[in-house]
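Trainee: Structure in structure tokens, see below.
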Amino acid sequence: MNVWVEAARPRTLPASLAPVLVGTAAGAQRHGINVGRFALVVIVALSIQVAVNYANDYFDGIRGVDTVQRAGPRRAVASGLVTPRGMLVAIGIAMTVAGAAGFALAAMVSWWLLLLGIGAFAALLGYSGGPRPYASEGLGEVFVFVFFGLAATLGSSYVQHGRIPATAWIAAIVTGVLAVAILVVNNLRDVPTDAVAGKRTLAVRIGELRTRQLFIAAIGCGLLLAVVGEPVAAQSAWPLLALLALPLAREPIHAVRSGGVGRALIPALGGTGKLELAVAVLLAAGLLIH
């Protein structure tokens, strides 16, 4: 696999696409999708996600958090495949792409969107960077919920036709908690090496048992809201299409409940990403049909 694609961590990309899809559908109800604005939001979302992953690779690499002992996929900087300087350039390129698309979107819709973009940039650099990375303060899940749930979904809804319906709020919580589940299982896998490196993620702080319980609770909460809350908010049964995604929850939940550790949790990470994307696609289809 190309080193830059690998460093972008494709398994995590559904966390950026899911809120855009369902948020766009919620905002486009009865008015149709503005394809140009949708395309710009997709570019912003994917570029920010890639920048987050590159920044995490860079900061964890230079701080010695990523070592040969870690169970997850290799990291570009820590393994020597990419120099720290090269990764910094890649972070800058990804942020420039996101910034250019975001500026164009703000010019079309509202300049207030630039504040959201600045907040997202600060969050992506602060996750693993700065004097006190918030990932090491156990706050990664909070920021993921805010930016990959609330901000991404509600923002995607608003840019369509300047409205944020109740369906967008429910969808924001659904995508937010499922994105949190992706981070939780990722951090569960890395508990042993993160603890040794002094990276005190929420998983390190609360321990493996509670982290497994948190993962299952996040999946359950997201699915319950999708199949109960969204139909109520939409006043339609079409969002029940999300029930078709339920089988995708079986594998990741089994891997976590059965006590899987290390590399055994890698499929759970990808499976959770597929689950979130499937739920978002099905909810989006239900909202648009409605």
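Values quoted throughout were computed directly from the atomic coordinates according to the rules given, and no laboratory measurement underlies them. Please read these numbers as outputs of a predicted model, since none were measured by experiment. Positions of Cβ are generated from backbone atoms using ideal geometry, with glycine treated the same way; all protein chains shown enter the neighbour counts.
Trainee: I need 254, 161 ordered by Cβ neighbour count within 10 Å, fewest first. Before the final figure, lay out each step's value.
Mentor: Details: 254 12, 161 16.
Fewest-to-most ranking of 254, 161: 254, 161.
Trainee: Here's something else I'd like to know. How far apart, in nanometres, would the label points at residue 195 and residue 213 be if each is projected 7 angstrom from Cα along the Cα-to-Cβ direction?
Mentor: Between residue 195 and residue 213, the label points sit 1.7 nm apart.
Trainee: Helix by helix, which DSSP H runs in the chain go 18 Å or more along their axis at the Cα atoms and have an average Kyte-Doolittle hydropathy of 1.0 or more? Each step should come with its number before you reach the end.
Mentor: Details: long enough: 14-28 (21 Å, 1.30); 35-62 (40 Å, 1.18); 84-108 (36 Å, 1.58); 113-126 (20 Å, 2.45); 166-189 (35 Å, 1.77); 202-224 (27 Å, 1.09); 266-289 (35 Å, 1.74).
Span-like helices here: 14-28, 35-62, 84-108, 113-126, 166-189, 202-224, 266-289.
Trainee: If you don't mind, there's one more thing I want to ask. Take residue 206 and residue 31, extend 7 Å from each Cα along the Cα→Cβ direction, and tell me the distance between the two endpoints in nm.
Mentor: Each label point lies 7 Å from its Cα, and together they span 3.7 nm.
Trainee: Based on the Cβ-Cβ distance from residue 114 to residue 290, what FRET efficiency comes out when R0 is 35 Å, to the nearest 0.05?
Mentor: Values: r = 32 Å, r/R0 = 0.93.
Result of the calculation: an efficiency of 0.60.
Trainee: Could you work out [θ]222 nm for the chain from helices alone, using -39500 (n - 2.57) per DSSP H run of at least four and dividing by all its residues? Round to the nearest 500 deg cm²/dmol.
Mentor: Numbers: 13 runs with 194 residues, N = 290.
Counting only the DSSP helices, I get -22000 deg cm²/dmol.
Trainee: For the residue pair residue 74 and residue 104, what label-to-label distance in nm results when each label sits 7 Å from Cα along the Cα-to-beta-carbon direction?
Mentor: 3.6 nm
Trainee: How are the alpha carbon pair distances in segment 73-114 distributed across 5 Å bins from zero to the largest one, expressed in percent?
Mentor: 5, 22, 17, 14, 12, 10, 10, 9, 2
Trainee: So how strong a dipole does the chain carry about its Cα centre when Lys and Arg Cβ are +1 and Asp and Glu Cβ are -1, to the nearest 20 debye? List each step's numbers first, then the result.
Mentor: Values: 21 positive and 12 negative charges, 51 e Å.
With only Lys, Arg, Asp and Glu charged at Cβ, the dipole is about 240 debye.
Trainee: Take each of the peptides 73-81, 271-279, 29-37, average the number of other beta-carbon atoms within 10 Å over its residues, and list them starting from the highest. Mind dumping the intermediate values first?
Mentor: Values: 73-81: 18.2, 271-279: 25.1, 29-37: 13.7.
Top of the packing list down: 271-279, 73-81, 29-37.
Trainee: Using 0.36 nm times the number of residues separating residue 63 and residue 243, minus their current alpha carbon distance, what extension gain do you get?
Mentor: Fully extending the segment from residue 63 to residue 243 adds 60.5 nm.
Trainee: Give me the base-10 log of I(q)/I(0) for segment 1-124 at each q in 0.11, 0.17 Å⁻¹, Debye formula, one uniform scatterer per Cα, rounded to two decimals.
Mentor: -0.43, -0.87
Trainee: Running Debye on the chain with equal point scatterers at the Cα sites and no solvent, what base-10 log of I(q)/I(0) appears at q = 0.08, 0.11, 0.14 Å⁻¹?
Mentor: -0.32, -0.61, -0.98
Trainee: What does the extension gain come out to for residue 258 and residue 93, with contour length at 0.36 nm per residue minus their alpha carbon separation? Could the numbers behind the result be given before it?
Mentor: Numbers: separation 165, 0.36 × 165 = 59.40 nm, distance 4.09 nm.
Stretched fully, the residue 258-residue 93 segment lengthens by 55.3 nm.
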